[in-house]
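The values are calculated or read from the model by the stated rules, or taken from the named source; none is laboratory data. Keep in mind that this is a model prediction, so the values were computed, not measured. Neighbour counts are summed over all protein chains in view; Cβ atoms, including those assigned to glycine, are modelled from backbone coordinates with ideal geometry.
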Amino acid sequence: MVLKLAVLFFTPLLSGLLIYFLPEGRSRNYRLLLVFAGSYLFGITVVHILPELYRNSGEVELIGLFVLAGFFLQQLLEYFTSGIEHGHLPVRQGGIHGHDHAHTHTHVHYHQQVSAIVLLLALCVHAFLEGAMLAQPATMGFTYDMNAILLGIALHRAPAAFALMAVLAYQLHSKSRAVPYLVVFSVAAPVGLLISTYLSELEVLTASGLTFLYALVSGNFLHISTTIVFESSPEHHFNARKLAVAIIGALVAVAVEYVL
């Protein structure tokens, strides 16, 4: 529990604070890291989480419905976040994407209209659900590898926190004023873990309830991971380097499931 709480809190906190040392953050390596994280998250969801959900659930027919609900819930959250959880960074003029002029213009206008509080709340809902997913792995059976899922969450929360700080530093005209928002974002996932664990110990959140929660967050993961991988290439142009990194990320997920 302590390890999970520490990873969930310090990964986004330290990653967000990197804005003081890497103000631009638009290096090719940053984009490749996003691709790797997205591919790993997609792979661990497909080869590990979903099979375990179906294997251990007595209500198999409902699993898919919750996965689907989670997918569209993430789509709704992105109406307010505009993809920060994907690690998307603002352009110099203050938007968030930099893939092409039209796409960038849309997001520049959008983030001028949405307050920092609304942005933070939407991100915290997503982070809270991720943390809640890490509670009580015993209900999923002995083959449920919580560390593999924790790694996937950490990999995508790091660039998300960096992007959040970049956006808020622009909106608030100050990096230091953005730090409290980063701290709240960093706390959201640990709070989700603690609350879901507490509710499960009280049997308020049953084993079936936890299973459906895992399915819901799996839908979130599918949306986030596929968006990261596909949006990493402008206009979906073929890029051998990004494809190779994506394959490596997926293979790491497979290795975690079948080899380690």
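When the residues of the stretch 186-206 are filtered to those that are among the aliphatic types (A, V, I, L, M) and closer than 26 Å to Gly43 by Cβ, which remaining residue is surrounded by the fewest Cβ atoms within 10 Å (Cβ to Cβ)?
Leu193
Just checking, which of Leu62, Leu22 is in a helix (DSSP H, G or I), more than 16 Å from the chain's Cα centre (by Cα), more than 21 Å from Val259 (Cα to Cα) and at pLDDT below 90?
Checking each option against the conditions leaves just Leu62.
If only one of Val229, Val183, Val179 is of a type outside the set (D, E, K, R) and under 29 Å from Glu52 (Cα atoms), which one is it?
That would be Val229, the only listed residue that is of a type outside the set (D, E, K, R) and under 29 Å from Glu52 (Cα atoms).
When you go through (1) part of a helix (DSSP H, G or I); (2) small (Gly, Ala, Ser); (3) closer than 28 Å to Phe212 by Cβ one by one for Ala135, which number turns out not to apply?
Among (1) part of a helix (DSSP H, G or I); (2) small (Gly, Ala, Ser); (3) closer than 28 Å to Phe212 by Cβ, the lone unmet condition for Ala135 is (1).
Restricting attention to the stretch 230-258, and to residues there that are surrounded by 14 or more Cβ atoms within 10 Å (Cβ to Cβ), part of a helix (DSSP H, G or I) and not aliphatic (A, V, I, L, M), which single residue is modelled with the highest pLDDT?
In this case the residue turns out to be Gly249.
Note down all Cβ pairs under 7 Å where the first residue falls in the stretch 54-80 and is under 23 Å from Cys124 (Cα atoms), the second is among the aliphatic types (A, V, I, L, M) and not in a helix (DSSP H, G or I), and they're at least six residues apart or on different chains.
Here the result reads Phe80/Val114, each pair linking the stretch 54-80 to a residue that is among the aliphatic types (A, V, I, L, M) and not in a helix (DSSP H, G or I).
Out of contact with any Gly (no Cβ under 8 Å at 6 or more places or on another chain) and at pLDDT 90 or above: does that describe Leu32?
Judged against the criteria, Leu32 is not a match.
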